1. For a test of the definition: using alpha carbon positions, the gyration tensor, and the 1.5 limit on a/c, classify segment A:180-331 as rounded, prolate or oblate.
2. Given 20 °C and 1.002 mPa s, compute D for segment A:1-141 with the Stokes-Einstein relation, Rh being the Kirkwood radius over Cα pairs; round to the nearest whole µm²/s.
3. Placing unit charges on C-beta atoms (Lys and Arg positive, Asp and Glu negative, everything else neutral), compute the dipole magnitude of segment A:14-128 about its Cα centre in debye, rounded to 20.
4. So between B:Asp200 and B:Asp173, what do we pick up on full extension, going 0.36 nm a residue minus the alpha carbon distance?
5. Highest GNM mean-square fluctuation, chain B, Cα pairs closer than 10 Å: which of B:Ala53, B:Ala155, B:Ala85?
6. When chain A is treated as a GNM, springs tying every alpha-carbon pair under 10 Å, which of A:Phe267, A:Phe347, A:Phe356 comes out with the largest mean-square fluctuation?
7. Got a sec? Charge dipole of the protein assembly as shown, +1 on Cβ for Lys and Arg, -1 for Asp and Glu; which of A:Leu261, A:Leu301, A:Ala330 is way out at the positive end?
8. Pull out a ≥ b ≥ c, the square roots of the eigenvalues of the alpha-carbon gyration tensor of segment A:184-247, then state rounded if a/c is under 1.5, prolate if not and a/b is larger than b/c, and oblate in the remaining case.
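Values quoted throughout were computed directly from the atomic coordinates according to the rules given, and no laboratory measurement underlies them. Please read all numbers here as calculations on a predicted model, not as lab measurements. No Cβ is skipped: glycine too gets one built from the backbone with ideal geometry, and neighbour counts run over all protein chains shown.
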Amino acid sequence: MQLWQMVLKELFHRKLNFASGLISVAIAVGCVAGALALLAAHDERTEAVITQKEAETRAAMRQMEDDYRRIMRDMGYNVLILHEDQDFAALQRAGVPDTFLPDDYAERLAAGGISTLNHLLPVLQLKTHWDERDMEIIVAGVRGQVPIEHRRRARPEGGIGPDGTPIMTPVPQGTVDVGHAIAERFRFSEGDELLLNGAALTVNKVLPRRGANEDITLWVHLDQAQEWFEQEGKINGIFALECVCHADSLGQIVEEVTRILPDTQVFEFSTLVQGRALARARAAEAHREAIEAERQNRAALRREREQTTLVLVPLAVLGAAVWVFLLTVANVRERRYEIGILRALGFSAIKIIGLFQLRVILMAVIGAPAGYVLGAVVGASLGGAALSGSVLGAALHPLLIVAAILAATALVCVAAWMPALRAAGQDPAEILKEMT
Amino acid sequence: MDILCLKKITKRFGKEDQSLVALDEVSLQLPSGAFTAIRGPSGCGKTTLLLTAGSLLRPDDGSAVVLDQSLYAMSIEQRAAFRAATIGFVFQQFHLIPYLSVLENVTAPLLKDNRKAGRARGQAMLERFNLADHINKLPGTLSTGERQRVALARAMINSPKLLLADEPTGNLDVENAATVLTALADFAREGGAVLLVTHDAKATERADTVMEMNRGALL
């Protein structure tokens, strides 16, 4: 008869002792596997939560960017490009520039690869007395926005593109776009006829209220304005929409514009631009803070789980070792006479130790994989990972299970070593004398 | 050649000033074919003598030799191996292992042997003791006499040269006791040596030599 057969027979004879040891090993290994799976699942979940938050933030920011773009477009131009000699004080006094630029400057700017501005509108604005209605007004000649081809191609997916819907549509020859204050005063509406400098013009559209000089402006075709004011081939400004929304973007715009058009200067309606930039920065900051707070929460939860496992795992392992030790002590005590007989029959000390060590090795070999699988499943579930997820796949790697079995085997062998040694060291004569 | 040779064996228990002399210069020789019975009252040292002769209890003085091997000159593990190969034990309480079947109990001392060969030997031994129908039963299901026969078969499975029996018929009825004693006598006749210790005069009837023991000394 082989030694392992004797061990198996004894296990079935003392099922409770063996089952109880097996369960303790399974619990200890399960705690270790569960802790590892829990932390891995936690990390995976954290990654997923943060990734989702970041995606949401990106989407929200993109949406906000679109909203701002629409809002800013509706608010009108926020940048004016002027001749370098234009005096700002004079501009403030007169309301219109008094220096001039060639009327192809907007095209040159567009062709020069401008990236910080959008909606380029070359304009010739002059203050004049409207004789037919006896009113001081501004007449502005425009040909329409200059397309910026490279920016059209760079239109972002999902958002409205730069240069998409023009702020100012072209004014056809023989027509006029009427500023809100003028239209209100003279009750003009679309299709009405009016006289300006002796020319009969049809009202193309009435512009919405801007609360600025545009409200007292009549917009006509650029050629018409150049002819009236004898400024053929000239404009005195280029309106534009700043599309780079950093608080310090003016410097970039100036640098870019003056690189392409060296004899110009840039005037920014700073409150609009800065308001937009600040609002955007504030929103971005709020999103960053939300993500950071989530990250902090997850980190705190991980620390809490780590601390729990740092206490629980050694306790479970120590508990299993102590329990296996006590079970082996009980088993040795219960089998005292059997050991005496086996020694009398010629069993060596090694074989007696083998009887007890094989017994606990079987506990580890059966209990460890069962506990490992169960612990990993429970740990992954508690950590919020899906049962079919990568966490469970990694936790149930065969090498890890083998390592768990080997570690559990080493643990129980150490735990059972002293009682087994004591069993082997018992004096058979003493036992046999007790028996007679 | 003597199978067992004990010379002036002395064994004391307890501390020196209050020690009890369990064996007092006991000398004994058992040649091949000897069936020797030692009779005496309880506590006279019979079991101590048996354990000393069986290499399980080191004497304080004297020498114990089995088949020319000085038992206590060997290491513990050498003694265990020698015991397994050479000496068989039979006890009054049988001491069968409760979770092993009859056949497994009988073949338990054959750990090193080929499983198939060991099983065949065990079956043959059980047939010899009329236990062929019980090979797969657990000891708890057997009668007292059957259990003692199983113990006897286990003691003989390794074909020992020396059989040491401690009150082997103490728990048996007349019929079973006779069977056991016959088996012991047969063992001696086949060339082995039997040392039987008992307090029962009837159990010594089959022995070739009967010796009396009292207070640790052979009379």
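1. prolate
2. Reported coefficient: 89 µm²/s.
3. Rounded to the nearest 20 debye, it is 1060 debye.
4. Extra length from B:Asp200 to B:Asp173 when fully extended: 8.4 nm.
5. Of B:Ala53, B:Ala155, B:Ala85, the most mobile in the Gaussian network model is B:Ala85.
6. Top of the fluctuation ranking is A:Phe347.
7. In the protein assembly as shown, that residue is A:Ala330.
8. Judged from the Cα gyration tensor, segment A:184-247 comes out oblate (a/c at least 1.5, b/c at or above a/b).
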